[in-house]
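One structure is given here, and the rest of the page talks about it.
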């Protein structure tokens, strides 16, 4: 069992479980749009890879660390 659980934007204290449904309801598909809507991902940026992946996959918590360089693999396509 992993001792890592990433489930929120630390700066805004908002969980991904609350952010992702709000994003879906507003038609948000990118972390930049989500940041404008909620403020999440606009401060230190540590949650941005997780927000991108969550927007793409629907995941609301992560048990492994994602690097900033992993963003390209999980960014939503412009045509999605």
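Listed values, structure above:
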item: Ranked list, fewest to most other Cβ atoms within 10 Å of each Cβ, for 37, 19, 65; result: 65, 37, 19
item: Cβ crowding within 10 Å averaged over residues, with 25-36, 46-57 ranked highest first; result: 46-57, 25-36
item: Relative contact order [Cα under 8 Å, 6+ residues apart], region 8-72, whole percent; result: 34 percent
item: Fully extended contour minus Cα-Cα distance, from residue 36 to residue 22, at 0.36 nm per residue; result: 3.8 nm
item: Shape category assigned to region 8-72 from the gyration tensor of Cα positions, a/c cut at 1.5; result: rounded
item: Gyration tensor (alpha-carbon) shape descriptor, region 4-46, a/c threshold 1.5; result: oblate
item: 63, 12, 38 arranged by Cβ crowding within 10 Å, fewest neighbours leading; result: 63, 12, 38
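Just so you know, all these numbers are worked out from the coordinates, no wet-lab data involved. These figures come from a predicted structure and were not determined experimentally. Cβ atoms come from the backbone with ideal geometry, glycine included; neighbour counts cover every protein chain shown.
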